[in-house]
Amino acid sequence: MENIRKDFPILNTCVYLNTATSGLLSRSLLDWRHQHDRSFFEEGSAMKVRAMMGLIPETRSTIAHFFSCKTDNVALTPNFSLGMNLLLDGLDKKHKVLLLEEDYPSVNWPFEKRGFQIDYVEIDEHLEEKIYKEVKSKKISILALSIVQWLDGIQVDLDFLKNLKKEFPDLCIIADGTQFLGISDFDFEASAIDVLGTSTYKWLLSGYGNGFFLFKNRAKELFSVSSLGFNSVSGDLSRKGKVEFAKHLEPGHLDTFNFGSLKFSLESMKRIGMHTIEDQNRRLRKKAMDELGGLGLLKESILNRKNHGNILNILGDERCFQELTYNGIVCAQRGDGIRLSFHYYNNENDIETVINVLKTRA
């Protein structure tokens, strides 16, 4: 992993624990981007036409293979929020929706704005029990949630979702994977999730302006998406009435710079190996939780959970945040605490640096 850190020179100047806000740009991806735009500069439209015909379909295929999804069920979107709003415009208002309190705004707000019948569950150590109770008692037909919570890293149990789906097969599960995809290996087809959307500038380290949605075949029957444009038919005007479901989320031209960056990052992570990345993240997560928990800086709702993402929200005020910042630790203030988020390019020394700063305050 130390060789991998060399591809992220910013790690030489700070302790970067803010991937939940923005993933880092690697030197390798920067070089690819320079070459991409150099080709555009030198060739103009010829380069863009070639990239649209090759790079965009290749990106779609790379995503499908990486996350085990059918290629035709992959929609490329600039970000999660836009894709979610386009999708919900095609969902019947008769559905009863279950959301999580204080989930990411781009998950909850689109439902709330459109006037769906909504119930909520509180996010705590009993999250799964509460979801089950609501689904069973209130005839919920749509469950929408982030797999990993943006404020504190609480992760829903994916095995629980499988069991929930077995008992309630008609339940449609819509998930935001923005704070989850990239921290561990994930098989979409084997999961209980029907619709999975994500922005990829965080844990997938792809820069801004790219994201995607994955669909199960059954999910496509629930939505009647009306968004449409030239790119929905890939330039073939005769296909106006024969648009594939995923292409309704791609009405306009896609940026080969941004989606090529996504393809590059996924291929880089594949070369490292997602199991290797997952193991490194697991080690960092355990060390951080053990150390921070020992200092009494983590809430019981975090310590009592079996599943957790790569985000930890510690008890700390403005003065604590400023002290961490002064010592070169890049983090964020979220909710009522300080959010630390670490990825496979971090190491145990990074965590020890944070612990030493926090100990001096005790």
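The values are calculated or read from the model by the stated rules, or taken from the named source; none is laboratory data. Fair warning: this is a prediction, and the values are worked out from it, not measured in the lab. Glycine also receives a Cβ, built like all others from the backbone with ideal geometry; neighbour counts cover every protein chain displayed. Calculation scope for accessible area: heavy atoms of the full protein, side chains included, ligands and nucleic acids excluded. Shrake-Rupley method; radii C 1.70, N 1.55, O 1.52, S 1.80 Å.
Of interest is the spacing of the C-alpha centroids, which for region 312-355 and region 6-83 amounts to 28 Å. Fully extending the segment from His126 to Thr360, taken as 0.36 nm per residue of separation minus the present Cα-Cα distance, adds 80.8 nm.
Mean-square fluctuations from a GNM of the chain, with a 10 angstrom spring cutoff on Cα atoms, peak among Ile351, Ile272, Ile63 at Ile272.
Given a Förster distance of 45 Å, report the FRET efficiency between Glu2 and Arg50 from their Cβ-Cβ distance, rounded to the nearest 0.05. So the FRET efficiency works out to roughly 0.75.
Semi-axes of the equivalent ellipsoid for region 87-157, computed as √(5λ) from the eigenvalues of its C-alpha gyration tensor and ordered from largest down, come to 20, 15, 8 Å. Dipole size of the chain about its Cα centre, with +1 on Lys/Arg Cβ and -1 on Asp/Glu Cβ: approximately 720 debye, rounded to the nearest 20.
Comparing Tyr326, Tyr104, Tyr201 in a Gaussian network model of the chain (Cα springs below 10 Å), the most mobile by mean-square fluctuation is Tyr326.
If you plug the beta carbon distance of Glu278 and Tyr208 into 1/(1 + (r/R0)^6) with R0 = 22 Å, you get a FRET efficiency near 0.30.
What shape does region 52-102 have by the C-alpha gyration tensor, where a ≥ b ≥ c are the square roots of the eigenvalues, rounded means a/c under 1.5, and otherwise prolate means a/b greater than b/c and oblate the rest? Cα axes put region 52-102 in the prolate bin. Between Ser22 and His253, residue separation times 0.36 nm minus the direct Cα-Cα distance comes to 80.7 nm.
For the chain, the equivalent ellipsoid derived from the Cα gyration tensor has semi-axes of 34, 29, 16 Å, listed largest first.
A viscosity of 1.002 mPa s and a temperature of 20 °C, combined with the Kirkwood radius over Cα pairs in Stokes-Einstein, give a translational diffusion coefficient for region 98-220 of 144 µm²/s. Restricted to Cα atoms, region 250-362 shows a radius of gyration and a Dmax of 17.1, 55 angstrom. The residue among Leu86, Ser28, Met47 whose Cα reaches farthest toward the positive pole of the charge dipole of region 1-92, with charges on the beta-carbon of Lys, Arg, Asp and Glu, is Ser28.
Backbone phi angles across region 259-267, fed through the Karplus curve with coefficients 6.51, -1.76 and 1.60 (θ = phi - 60°), yield HN-Hα couplings of 6, x, 5, 5, 4, 4, 5, 5, 5 Hz in residue order; Gly and Pro are listed as x. Given +1 at the Cβ of Lys and Arg, -1 at the Cβ of Asp and Glu and no other charges, the dipole of region 183-257 around its Cα centre is 280 debye to the nearest 20. For region 161-252, the solvent-accessible area of protein heavy atoms averages 37 Å² per residue (probe radius 1.4 Å; ligands and nucleic acids excluded). Positive-end ranking of Gln117, Ile147, Phe342 along the dipole of the chain, with charges on Cβ about the Cα centre, is headed by Gln117.
Computed extension gain for Leu295 through Asp92, at 0.36 nm per residue and net of the alpha carbon distance, reaches 68.2 nm.
Note on the chain: with a GNM built from Cα contacts shorter than 10 Å, the maximum mean-square fluctuation among Glu250, Glu43, Glu352 falls on Glu43. A Cβ-based charge dipole, computed about the Cα centre of region 48-171 with Lys and Arg at +1 and Asp and Glu at -1, lands at about 800 debye.
Here region 210-291 is treated as an ellipsoid with the same Cα gyration tensor; its semi-axes, largest first and in whole Å, are 37, 17, 10. Taking the accessible area of region 47-200, probe 1.4 Å, and keeping the other protein chains in place, the carbon and sulfur fraction comes to 52%. Here the accessible area of region 234-362 is 48 percent carbon and sulfur, with a 1.4 angstrom probe and all protein chains present.
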